[in-house]
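These notes are about the structure you will find just below.
The values are calculated or read from the model by the stated rules, or taken from the named source; none is laboratory data. Keep in mind that what you see is a predicted model, and the values were worked out from it rather than measured. For neighbour counting, all protein chains shown are included, and Cβ atoms are generated from backbone atoms with ideal geometry for every residue, glycine included.
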Amino acid sequence: MSTPVTGPFRISVDATPSGVALDMTHYLSLFVLALAEAASEDGPGLLDDLQAIADLDRSARHQGRDSHATHERDTAVQALLDELVDGGSVPVYGEQVLRLAVALRQAVAPRPVPAQREAGAA
């Protein structure tokens, strides 16, 4: 695993059999901390918002991708992200953009397959 982005939020890249996995733990930790702070300031209000989002999500799954419930859920989620973590965008600056691109290219580059053992070899 490489960590081409070191700030303001660390992003690591790990090759997987079908692509890559981006480790966004650092950013997600900030989100959880912001959620915890919001809960300590207005737990009932936050819980009401989360329950409304869950209700909208259930309706959206039932009604389909282009339903009113889907759009309303997405708007509610975005409003919460705007309030807690500046909209949910993870900034990547300067040279780190290039390092991230290089790490992604390297992670998805074809890798040689180890030679298979000859038939009957142990």
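Within the range 15-59, the set of residues being in a helix (DSSP H, G or I) and polar (S, T, N, Q) comprises T25, S29, S40, Q51, S59.
F9 meets all of the listed conditions (1) touching a residue at least 12 places away in the same chain (Cβ under 8 Å); (2) among the hydrophobic types (A, V, I, L, M, F, W, C); (3) assigned to a helix (DSSP H, G or I) but one, namely (3). Confirm whether S12 is within 30 Å of P110 (Cβ to Cβ), loosely packed, with under 11 Cβ neighbours inside 10 Å and out of contact with any helix residue (DSSP H, G or I) (no Cβ under 6 Å at 6 or more places or on another chain). No: the conditions fail for S12.
Matching residues to (1) more than 21 Å from the chain's Cα centre (by Cα); (2) of a type outside the set (D, E); (3) on the phi > 0 side of the Ramachandran plot:
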site	(1), (2), (3)
V13	no, yes, no
V20	no, yes, no
T25	no, yes, no
A38	no, yes, no
D82	no, no, no
G88	no, yes, yes
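Residues that are surrounded by 15 or more Cβ atoms within 10 Å (Cβ to Cβ) and among the small types (G, A, S) within the range 29-58 comprise A34, A38, listed in sequence order. Restricting attention to the range 21-32, does a residue exist that is touching a residue at least 12 places away in the same chain (Cβ under 8 Å) and farther than 27 Å from V108 by Cα? Yes: the range 21-32 contains one or more residues that are touching a residue at least 12 places away in the same chain (Cβ under 8 Å) and farther than 27 Å from V108 by Cα.
Cβ-Cβ contacts under 9 Å between residues 6 or more apart (or on different chains), taken from a first residue in the range 69-96 that is farther than 19 Å from Y27 by Cα to a second residue that is loosely packed, with under 14 Cβ neighbours inside 10 Å and polar (S, T, N, Q), are listed as A69/Q63; T70/Q63.
Scan the range 1-56 for residues that are within 22 Å of A79 (Cα to Cα) and among the small types (G, A, S) and the total you get is 10. In the range 78-116, which residues are crowded, with 16+ Cβ neighbours inside 10 Å, modelled with pLDDT of 95 or more and assigned to a helix (DSSP H, G or I)? L80, L84, V85, Q96, R99, L100, A103, L104 - these are the residues of the range 78-116 that are crowded, with 16+ Cβ neighbours inside 10 Å, modelled with pLDDT of 95 or more and assigned to a helix (DSSP H, G or I).
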